[in-house]
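Report on the structure given below.
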């Protein structure tokens, strides 16, 4: 079994990525063999290695493919979304149930802790994600949606921490109310706006805000964190 007749190299690559994502989701990284992925895709081991140099490379390539599909779906409905709107949409999705591909990141993070052959490609992948987020934030700064005094790199790191944490703390482990989560995100994103200059307000008129009198307390009535036992 080698290359499938009538199937292009690009189509074979997509078949391998799909087979790999399914196998990693079902069996985990350590429990998946290259031969199993090749068989599921209907190609030989040699054909697989013609596209991917290792199982680790295939795992990270599957992650990239998933991220690309996610971004394409976001921009398909509204290609002119603002940076802050994108942050809100992406953030709102974090606590929700994911499709199997969404948990590839968990397999990759666990494997990277134990296997340097995975850690290297994962460092590259995380750097790519951070740079994409940083570029988005810089665009928001150029449009005066985000304070130019804030570090895009630090904000991107914060976003990555939220995303990675949400992949581990799934809704079956801990649930948060969608309206309350959205209200919190809206408050955080609004706080990124420039302190001076053109006014910017996050459009969240339809968000049902939970009452939180603590947040509305004047500074002098809030407890000093150093006094909390």
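The values are calculated or read from the model by the stated rules, or taken from the named source; none is laboratory data. What you see is a predicted model, and the numbers here were worked out from it, not measured in a lab. Reconstructed Cβ throughout: ideal geometry from the backbone, glycine too, with neighbour counts over all protein chains shown.
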If we scan the range 122-131, do we find a residue that is modelled with pLDDT under 90 and either over 23 Å from residue 21 (Cα atoms) or in the same structural domain as residue 72 (by TED's automatic domain parsing) (or both)?
-> no
Which of the residues belonging to the range 104-119 are assigned to a helix (DSSP H, G or I), surrounded by fewer than 18 Cβ atoms within 10 Å (Cβ to Cβ) and touching a helix residue (DSSP H, G or I) at 6+ places or on another chain (Cβ under 8 Å)?
-> 109, 113, 117, 119
Return the only residue of 84, 12 being surrounded by 13 or more Cβ atoms within 10 Å (Cβ to Cβ) and closer than 25 Å to residue 143 by Cα.
-> 84
Matching residues in the range 78-103 - criterion: being in a helix (DSSP H, G or I) and within 16 Å of residue 185 (Cα to Cα) = 83, 84, 85, 86, 87, 88, 89, 90, 91, 92, 93
Filtering the range 120-135 down to residues that are in contact with a helix residue (DSSP H, G or I) (Cβ under 6 Å, 6 or more places away or on another chain) and crowded, with 18+ Cβ neighbours inside 10 Å yields 121, 122, 125, 133, 134
If you take the residues of the range 142-159 that are part of a helix (DSSP H, G or I) and touching a helix residue (DSSP H, G or I) at 6+ places or on another chain (Cβ under 7 Å), which of them is surrounded by the most Cβ atoms within 10 Å (Cβ to Cβ)?
-> 155
Do we have any residue at all in the range 136-144 that's within 15 Å of residue 66 (Cβ to Cβ) and under 16 Å from the mean Cα position of the chain (by Cα)?
-> no
Using the structure shown, decide if residue 36 is more than 30 Å from residue 155 (Cα to Cα), modelled with pLDDT of 90 or more and part of a loop (DSSP other than H, G, I, E, B).
-> no
Filtering the range 39-51 down to residues that are assigned to a loop (DSSP other than H, G, I, E, B) and more than 12 Å from residue 15 (Cβ to Cβ) yields 44
